[in-house]
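> Take this structure first; my questions come after.
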Amino acid sequence: MLLTPGPTPVPEFVRKAMADETIHHRTPEFEKIFEQTRELLFELYGMDEVVMLASSGSGAMEACVTNLTHKKALTINSGKFGERFGKICKAFDIDFIEIKHEWNTPVSVEEVVEIVKKDKDIDAIFIQLCESAGGLRHPVEEIAKEVKKINPNISIIADGITAIGVEKIDATNLDAVITGSQKALMLPPGLAIIGLSNSAVEKIEKKSRGFYFNLATEIKKQRTNTTAWTAATTLIIGLKAVLVYLKENGGFEKLYEDTAARAKATREALKAIGCEIYPKVPADAMTTIYSEHAAAIRKILKTKYNANIAGGQDDIKNLIFRINHMGLVADFEASWAVNAVELAMDELGLRTFDGTANKVFSENMFKGK
């Protein structure tokens, strides 16, 4: 049972869609599939433009840094992936300033506003919607709204790799939102997607950078339903299948509601057996628990209860565990996971098993439905 926050399990209907004959990417047949997929992505994102890249999410992060920072970047670092934006700036000698926090602590609106007011060179802000290193949710929409009041020309770029397909994102004041195929979109790794505002497109068209990740080149090509370079044909076919399925089975709103309910039920169940939620503001993409016994709990879950959950990285590698809620996770799988955590805690002498986690999960997930 794969319950890591990416890669997520690929549903059977998606695997079947991708198992058909290979289609050449420079054909009318694939261009039609590409066009249909783009239209579905516009519905998912609610933004002015979308671009698909044959890369992981990190490629899309690089593309946004290099194409949307013309003067100076402000990066928000509350984890491994916020840190990555700064590393990309360094790699390209792009001037940047960083706000750094512990991995369980979101940045405040006031911190960002204060720096933007003081530093007039900042023309791009990079932040995670969900910082998946610790399962943290930043107040991205609120930050974007206040920054735009100060300077509407500052581009707000949000890493939504573990947010798109998890919750409804208000992109009103966002200029770029990134996601990757292997998270809530339930595909194998290798496809990145960027939603863009008209303002971002205009900025890119005035001054773009790079070769493979030149977004001006891609936007021009993808508006004609093809790609500048070789398209990730199989993944795009799979993406179309995912988006059509979601639309025909309750729509994106139902997906958001189900994910939020599963996340809340999981958090309440684990709190009820004495677990400590790690992030101060948890995202719905995953439940992250802080425990000195995290590594031992994960080992028991994998070897004894057939549940593969994720640990942490760097300094908190063995101090947290993360249970995924992205994608079409079955209710019984989430219920089994919290039950297995309670059983593992019993085995480690941390708490006597009495079925509380499963009971609380079921009460929160199903009562009143």
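The values are calculated or read from the model by the stated rules, or taken from the named source; none is laboratory data. Being a predicted model, the structure only gives us computed values, none of them experimental. Ideal geometry is used to build each Cβ from the backbone, glycine not excepted, and the neighbour counts take in all protein chains shown. Only protein heavy atoms, including side chains, enter the accessible area calculation; ligands, DNA and RNA are left aside. Shrake-Rupley method; radii C 1.70, N 1.55, O 1.52, S 1.80 Å.
> Pairs of Cα atoms under 8 Å, at least six residues apart: use those to get the relative contact order of region 213-330, whole percent.
18
> Restricted to Cα positions, what overall size does region 174-213 have along the principal axes? Three whole-Å values, descending.
35, 24, 8
> Please report the base-10 log of the normalised intensity I(q)/I(0) for region 1-90, using a Debye sum with one equal scatterer per alpha carbon and no solvent, at each q in 0.12, 0.13, 0.26 (1/Å).
After summing over all Cα pairs, the log10 values are -0.62, -0.71, -1.31.
> Hey, another quick one. Taking the convex hull of the Cα atoms, report for the chain its projected area averaged over all directions, in nm².
Details: hull surface 72.1 nm².
Mean orientational projected area (the chain, Cα hull): 18.0 nm².
> Under the rule of -39500 (n - 2.57) per DSSP H run of 4 or more residues, summed and divided by the residues of the chain, what mean residue ellipticity at 222 nm is obtained, to the nearest 500 deg cm²/dmol?
-14000 deg cm²/dmol
> Sorted by accessible area (1.4 Å probe), largest first, how do Glu21, Glu43, Glu110, Glu167 line up?
Reading off the accessible areas and sorting them downward yields Glu21, Glu110, Glu43, Glu167.
> Dimensions of region 251-366 along principal axes (Cα, Å, largest first)?
Rounded to whole Å, the extents work out to 42, 34, 26 Å.
> I need to check one value: relative contact order of the chain, counting alpha carbon pairs closer than 8 Å and at least 6 residues apart, in percent. Each step should come with its number before you reach the end.
Details: 741 pairs, mean separation 80.8, N = 369.
So the answer I get is 22 percent.
> Roll a 1.4 Å probe over the protein chains and send me the accessible area per residue for region 251-366 in Å².
On the way: 5050 Å² over 116 residues.
Here the residues of region 251-366 average 44 Å² of exposed surface.
> If each residue of separation counts as 0.36 nm, what is the full-extension length gain between Asp93 and Ala19 once their alpha-carbon separation is subtracted?
22.4 nm
> To continue, here is another question. Report the convex hull volume per residue for region 19-69, counting only C-alpha atoms, in Å³. Walk me through the intermediate numbers first.
Values: hull volume 6.2 nm³, N = 51.
Per-residue hull volume (Cα only) is 121 Å³.
> Compute the projected area of the convex hull of the Cα atoms of region 301-369, averaged over all viewing directions, and report it in nm² to one decimal place.
Mean orientational projected area (region 301-369, Cα hull): 5.7 nm².
> What angle do you read, to the nearest 10 degrees and between 0 and 90, between the alpha-carbon axis of helix 331-347 and the longest principal axis of the chain?
50
> Compute the relative contact order of region 108-256 as a whole-number percentage, counting only Cα pairs closer than 8 Å that sit 6 or more residues apart in sequence.
Reported relative contact order: 17 percent.
> To continue, here is another question. Once label points are set 7 Å from the Cα along Cα→Cβ at both Glu248 and Thr172, what is their separation, rounded to one decimal in nm?
Once both label points are built, they end up 3.5 nm from each other.
> Let me ask something else. Go ahead and set up a Gaussian network model of the chain, Cα springs under 10 Å, then flag whichever of Leu235, Leu350, Leu191 fluctuates most.
Evaluated over the chain, the most mobile residue of the options is Leu350.
> Here's another thing I want to ask about it. Could you please tell me the mean projected area of the C-alpha convex hull for region 133-206, averaged over all directions and given in square nanometres to one decimal?
Working: hull surface 22.6 nm².
Dividing the Cα hull surface by four gives the mean projection, 5.6 nm².
> Below 12 angstrom from the Cβ of Leu270, what's the summed charge of the other residues (Lys, Arg +1; Asp, Glu -1)?
Taking every Cβ under 12 Å from that of Leu270, the sum is +2.
> With the full set of protein chains in place, find how many percent of the accessible area of region 12-249 is carbon and sulfur; take the probe as 1.4 Å.
49
> So if I restrict to the alpha-carbon atoms in region 172-257, what is the Rg, and what is Dmax, the biggest pairwise distance, in Å?
Answer for region 172-257, Rg first and Dmax second: 14.6, 42 Å.
> Using a cut-off of under 16 Å, list every residue of region 111-130 whose amide N is near the label point 7 Å from the Cα of Lys71 along the Cα-to-beta-carbon line.
Label zone hits: 113-126.
> When only the heavy atoms of the protein chains count and the probe is 1.4 Å, how do Phe361, Phe353, Phe81 rank by accessible area, highest first?
Accessible-area ranking of Phe361, Phe353, Phe81, largest first: Phe353, Phe81, Phe361.
> Still on this structure: What is the extension gain from Lys271 to Lys32, computed as 0.36 nm multiplied by their sequence separation minus the C-alpha to C-alpha distance, in nm to one decimal?
Length difference between fully extended and current span is 81.2 nm.
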